[in-house]
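Heads up: the structure comes next, in C-alpha cells.
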Amino acid sequence: MYVFVLWFHSLFRWAVLNRPVVCPLSRLPRIPASDRFSQKHDEAVRHWTATLAHIQLTVGFYLYLISPFVRPTFQALNPPGYTEGTFFGLIHITCMLAAVVMITIGSARAKRKVFQPR
C-alpha cells in the first residue's frame, strides 16, 4: 500500500506543479476580448488548481503518517544530524503546507474579487 501511495503522490505532483503555469497561460488568448476574470473557464481553472493541491496535500499527510522514513525520526529522542527523516519529517511537510496555504489564499481572494473592465 505504501509503495502505491508513494507512486501516486510522486506522479500527481506534476499535475499540481503544472496548474500554476496553466492558469495564466489559459487566460492569454482572451485578454484582448475581456478583462473580466469571472468567466466559467477561469473559475474552473482556479477551482481545479486548488482542488489538486488539496488532494496532493491529503495524500502527503497520509504518507507522512505511514512513512518508514518519518517514523524513526520521531521515535528517537535526539536524531543524529540531517537524515531523510529530517527532510521528510520537518522540512518537506512545512514547505508543502505553506505552498498549499498560499494557493488556497490566492484562490479564495480571486474567487471573491470583482474585476472591473478598464
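Assess whether Val22 counts as being closer than 26 Å to Met1 by Cα and at pLDDT 70 or above. It would help to see each step written out before you state the result.
Values: closer than 26 Å to Met1 by Cα: no; at pLDDT 70 or above: yes.
No.
Could you grab the pairs with beta carbons closer than 9 Å, sequence gap of 6+ or different chains, first residue in region 45-74 and closer than 30 Å to Lys111 by Cβ and open to solvent by 50 Å² or more (accessible area, probe 1.4 Å), second one aromatic (Phe, Trp, Tyr) and at pLDDT below 90?
As it stands, the answer is Ile55/Phe12; Tyr64/Phe88, since those pairs meet every condition given.
Considering every residue within region 28-41, establish whether at least one is open to solvent by less than 40 Å² (accessible area, probe 1.4 Å), modelled with pLDDT under 85, out of contact with any Gly (no Cβ under 7 Å at 6 or more places or on another chain) and over 17 Å from Met102 (Cβ atoms). Can you show your working first?
Initial filter on region 28-41 (open to solvent by less than 40 Å² (accessible area, probe 1.4 Å)): 34.
If we keep only those that are modelled with pLDDT under 85 too, we end up with 34.
So of that shortlist, the ones also out of contact with any Gly (no Cβ under 7 Å at 6 or more places or on another chain) come out as 34.
Within this subset, residues satisfying the condition of being over 17 Å from Met102 (Cβ atoms) are 34.
Yes: region 28-41 contains one or more residues that are open to solvent by less than 40 Å² (accessible area, probe 1.4 Å), modelled with pLDDT under 85, out of contact with any Gly (no Cβ under 7 Å at 6 or more places or on another chain) and over 17 Å from Met102 (Cβ atoms).
The values are calculated or read from the model by the stated rules, or taken from the named source; none is laboratory data. Note that the structure is predicted; figures quoted are calculated from it, not measured. In this analysis, Cβ positions are derived from the backbone assuming ideal geometry, glycine residues included, and neighbour counts consider all displayed protein chains. Side chains are part of the model used for accessible areas, which takes the heavy atoms of the whole protein and leaves out ligands, DNA and RNA. Shrake-Rupley method; radii C 1.70, N 1.55, O 1.52, S 1.80 Å.
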